[in-house]
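To keep things clear, I will list the structure first and then write my remarks on it.
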Amino acid sequence: MRALRLPDWKSEPELVEVDEPTPGPGQVVVKIGGAGACHSDLHLMHDFEAGAVPWNPPFTLGHENAGWVHALGDGVTGLTVGQPVAVYGPWGCGNCERCRVGAESYCENVAEAPVPGGGGGLGLDGGMAEYMLVPYARLVVPLPDGLDPVQAAPLTDAGLTPYHAIRRSWSKLGPTSTAVVIGVGGLGHVGVQILKATTATRVIAVDTRAEALKLGEECGADLTMLSGADTAQEIRRATGGRGADVVLDFVGVDTTLALGAAAARTVGDLTIVGIGGGTLPVSYFSVPYEVSIQTTYWGSRPELIEVLDLGARGLVRPKASTFSLEEAVGAYRKMRDGTLEGRAVVVP
Ligand SMILES: [Zn+2]
Ligand SMILES: [Zn+2]
């Protein structure tokens, strides 16, 4: 079968011929219907080097996957060949306290995981291929009626990651509240949809690109702002001086973190989702009182079930363009150039 593989750090992916996987006991092979291209893959190709993460290339890219059950290993029950499924992306040990509640992104026994701190497309072979091996049946989630694999694939990361970040702040997103989404890209535009679908908050979308703001508006943002020197004051003006109850930073560079801190309301949440690697000085005087600052990484398996339900009901629909495996390298190039609107889904 064909697979888009990352041959080494600091290199471009290559489309090559590899053997089809066969499932061992307890394992599942998924015929890929859609594999999302993620901005973090660009970091894998261009920024990471040996030692940055506890795994190394070569491996097949694609950590955002859905398709149909193709083959079941011995002992797998409750799944049938041909059944549409999504693949839960972060693969933990399955046995620690975090994994047992489905939060495998925060596995505390990574030495026992299929790959420490990774998953398919992150150290092990992912879904940018015709077939993908999933090492434990618990990691596949059946798709609800009304959702096909092309729509489901981006929900497993571009949907699940903002869903988790938003869900943990639900108690602060009541009717009088304001949420600010910084960066209306692959994750941010889905974040706007999730805020509108699951809370009563007012949503302000901020980006440096006018087209991204248009996308934010289409996704239901109440107000959009082109990011500039006085965006924080603009947010304060738009909220009667109070600021934003929840700021979701999908970029994570110095300037967006500074904006988030300047725009946050007392007792608000500033959640860093984007892996831009920026820093924010925190002191008694630098952020409003009782602002909680946190990073989040991906989401839990129960949350994936919830976000797939929102997708099936049409409440959350990532904007996606489809590409063939041959076109995948070009899709990543468009993503790097900032000319890709929404998500790129590779359909092998
Ligand atoms: Zn990702
Ligand atoms: Zn674990």
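Some observations on this one:
- Of ALA328, ALA50, ALA35, the residue with the greatest mean-square motion in the GNM of the chain, using alpha carbon springs below 10 Å, is ALA50.
- Whole-percent carbon and sulfur share, accessible surface of segment 277-337, 1.4 Å: 53 percent
- Estimated at the nearest 10 Å², the accessible area of HIS63 is 10 Å² with a 1.4 Å probe.
- Choice from GLY36, GLY146, GLY188 with maximal GNM fluctuation in the chain (Cα, 10 Å cutoff): GLY146
- Couplings 3J(HN,Hα) of segment 12-21, computed from phi: 7, x, 10, 8, 10, 8, 9, 6, 5, x Hz, in residue order, whole Hz [Karplus 6.51 cos²θ - 1.76 cosθ + 1.60, θ = phi - 60°; x for Gly and Pro].
- Think of each Lys and Arg Cβ as +1 and each Asp and Glu Cβ as -1; about the Cα centre, that makes the dipole of the chain roughly 1020 debye.
- Simple label model, 7 Å out from Cα along Cβ direction - ARG336 to LEU315, nm: 3.9 nm
- Within the straight-line cut-off of under 17 Å between alpha carbons, the lysines reachable from LYS214 are LYS196, LYS319, sequence neighbours fewer than 8 places apart in one chain being disregarded.
- For segment 164-232, carbon and sulfur atoms together expose 52% of the accessible surface, with a 1.4 angstrom probe and every protein chain in place.
- Average accessible surface for segment 1-54: 46 Å² per residue, computed with a 1.4 Å probe over protein heavy atoms with every protein chain in place.
- Within straight-line reach of LYS334, meaning a Cα separation under 16 Å, sit the following aspartates and glutamates at least 8 residues removed in sequence or on another chain: GLU12, ASP41, GLU211, GLU326.
- Taking every protein chain into account, the accessible area of segment 101-168 amounts to 33 square angstrom per residue (probe 1.4 Å).
- Total charge dipole magnitude, segment 59-127, about the Cα centre, Cβ charges on Lys, Arg, Asp, Glu only, Debye to nearest 20: 100 debye
- Linear extension gain, ASN56 paired with SER11, 0.36 nm per residue minus alpha-carbon span: 15.0 nm
- Karplus (6.51, -1.76, 1.60) ³J(HN,Hα), θ = phi - 60°, over segment 332-341, in Hz, Gly and Pro reported as x: 5, 5, 4, 5, 5, 7, x, 9, 8, 9
- Placing R0 at 56 angstrom, the Cβ-Cβ distance between GLN83 and SER171 gives a FRET efficiency of 0.95 after rounding to 0.05.
- SER286 versus TRP68: modelled label distance in nm, points set 7 Å from Cα along the beta carbon direction: 5.4 nm
- Unit charges at the beta carbon, dipole of segment 269-348: most positive-side option, GLY278, PRO318, SER300: PRO318
- Applying the Karplus relation 6.51 cos²θ - 1.76 cosθ + 1.60 with θ = phi - 60° to segment 289-306 yields 3J(HN,Hα) values of 3, 6, 6, 9, 10, 9, 9, 10, 9, 6, x, 9, 5, x, 5, 4, 4, 5 Hz, where x marks Gly and Pro.
The values are calculated or read from the model by the stated rules, or taken from the named source; none is laboratory data. This is a predicted model, so every value here is computed, not measured. Counting neighbours? That spans all protein chains shown, and the Cβs are built from the backbone with ideal geometry, glycine included. All accessible areas refer to the heavy atoms of the entire protein, side chains included, with ligands and DNA or RNA removed. Shrake-Rupley method; radii C 1.70, N 1.55, O 1.52, S 1.80 Å.
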